[in-house]
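In what follows, a single structure is set out as structure tokens and then discussed.
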Amino acid sequence: LTTVNGEKIEVTKSAKGFTFSNAQNQIVLVSFFATWCPPCKAEIPHLNNLQEKYKDKIKIIGVLIEPNKDNDELKKFINNFAINYTIVNSSANQVFADAVGGVQNIPFMIMYGKNGKNITHYLGAIPEEMIDSDIQSALKK
């Protein structure tokens, strides 16, 4: 995956999920989204809060599933919503979406433990408290 700033994130499939090169010993919350999706936009403040609350314990990665979205346009979106977590935008996004089993509806999030194990997933708008509770449980493992 490639961030909007051009940084590469190596994603490796494991027996139980995926590991991410930029998230050693961190919980990873992958959020598949589109800039035109109202529920996706509504969850951004919650994801910002969780990234701020857990800082180095969690890595949130927003995976844009809009093809051919210009990075400059996406950076404006990031600034407008004050996004404080990683956003990736490249053709590899769709490859990754397919690798997790396909993304039919958004917002769609998957949480991976520190070891890359798939912990849980969320479809649609989810209360921040529910995700927070799952993060706390994952940190104890």
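Are any of the residues in region 65-84 in contact with a strand residue (DSSP E or B) (Cβ under 6 Å, 6 or more places away or on another chain) and under 25 Å from S137 (Cβ atoms)?
No, there is no match, as no residue in region 65-84 is in contact with a strand residue (DSSP E or B) (Cβ under 6 Å, 6 or more places away or on another chain) and under 25 Å from S137 (Cβ atoms).
Output the number of the condition that N84 fails; it satisfies all remaining conditions of (1) over 13 Å from I60 (Cβ atoms); (2) open to solvent by 40 Å² or more (accessible area, probe 1.4 Å).
All conditions pass for N84, except number (1).
I want to confirm something. Restricting to region 127-141 and keeping residues that are without any contact (Cβ under 8 Å) to a residue 40 or more places away in the chain and over 20 Å from E43 (Cα atoms), which single residue is surrounded by the most Cβ atoms within 10 Å (Cβ to Cβ)?
Applying the filter and picking the extreme gives S137.
Considering only region 24-47, I want to know if a residue exists there that is open to solvent by 10 Å² or more (accessible area, probe 1.4 Å), farther than 14 Å from I110 by Cα and modelled with pLDDT under 95.
yes
Any residue that is of a type in the set (D, E, K, R), in contact with a Pro (Cβ under 9 Å, 6 or more places away or on another chain) and closer than 18 Å to I131 by Cβ - is there at least one of those in region 56-66?
Just the residues of region 56-66 that are of a type in the set (D, E, K, R), to begin with: 56-57, 59, 66.
Then drop every residue that is not in contact with a Pro (Cβ under 9 Å, 6 or more places away or on another chain), which leaves none.
Within region 56-66 (the criterion being of a type in the set (D, E, K, R), in contact with a Pro (Cβ under 9 Å, 6 or more places away or on another chain) and closer than 18 Å to I131 by Cβ), the answer is no, since none of the residues qualifies.
Within region 52-68, restricting attention to residues that are buried (at least 18 other Cβ atoms within 10 Å of the Cβ) and not hydrophobic (A, V, I, L, M, F, W, C), which residue is nearest to L123 (Cα to Cα)?
Step by step, filter region 52-68, then rank; the result is G62.
Determine the pairs where a residue that is over 23 Å from S90 (Cβ atoms), located within region 39-65, has a partner that is assigned to a helix (DSSP H, G or I) and among the charged types (D, E, K, R) with Cβ atoms under 8 Å apart, the partner being 6 or more residues away or on another chain.
H46/E128; N49/E128; L50/E128; L50/D132; K53/D132
I need the full set of residues from region 88-126 which are in contact with a helix residue (DSSP H, G or I) (Cβ under 8 Å, 6 or more places away or on another chain) and either open to solvent by 50 Å² or more (accessible area, probe 1.4 Å) or not in a loop (DSSP other than H, G, I, E, B) (or both), in order please.
Across region 88-126, the qualifying residues are M109, M111, K114, I119, T120, Y122, A125.
Take the residues of region 102-124 that are small (G, A, S) and either touching a residue at least 40 places away in the same chain (Cβ under 8 Å) or touching a strand residue (DSSP E or B) at 6+ places or on another chain (Cβ under 9 Å) (or both): which is nearest to K8 (Cα to Cα)?
Of everything passing the filter in region 102-124, G116 is nearest to K8 (Cα to Cα).
The values are calculated or read from the model by the stated rules, or taken from the named source; none is laboratory data. Worth saying up front: this structure is predicted, and the values here are computed from it rather than measured. Reconstructed Cβ throughout: ideal geometry from the backbone, glycine too, with neighbour counts over all protein chains shown. Side chains included, ligands, DNA and RNA excluded: accessible areas come from the protein's heavy atoms. Shrake-Rupley method; radii C 1.70, N 1.55, O 1.52, S 1.80 Å.
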